[in-house]
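Coordinate-derived values only; no laboratory data. Predicted model only: the values in this text are computed from it and were never measured. Virtual Cβ from ideal backbone geometry, glycine too; neighbours counted across all protein chains shown.
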Amino acid sequence: MSNDTPVPAPCPRLLKPKEAAEALSISPRKLWALTASQQIEAVRIDRSVRYSVESLNRFIESRKSRPE
């Protein structure tokens with residue numbers, strides 16, 4: 001009995017800057033500006049900068065407009 005069902009790829013916990021910018025539909029330059037102003041949390045590993053999916057989701061939630 002063979003199982004031909006494709007196994008979904010695991011969701012990465014950390015995204016590269018270009019991937020994070022694409023996920024937010026913004027430019028990498030805007031992402032850097034938001035990071036520099038500490039509006040989005042970044043994870044630094046030596047010289048690499050990565051963004052957690054959770055921090056991107058928190059950023060999105062903080063930007064949602066709420067009815068008054």
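Can you classify the chain as rounded, prolate or oblate using the Cα gyration tensor, where a ≥ b ≥ c are the square roots of its eigenvalues, rounded means a/c under 1.5, and otherwise it's prolate if a/b beats b/c and oblate if not?
Numbers: a/c = 2.78, a/b = 1.57, b/c = 1.77.
Because a/c hits 1.5 or more and a/b fails to exceed b/c, the chain counts as oblate.
Restricting region 14-68 to chymotrypsin sites (Phe, Trp or Tyr not before Pro) that sit in a DSSP loop and have at most 11 other Cβ atoms within 10 Å of their own Cβ leaves nothing.
The alpha-carbon of Lys16 sits under 18 angstrom from the alpha-carbons of these aspartates and glutamates, leaving out residues fewer than 8 places away in its chain: Glu41, Asp46, Glu54.
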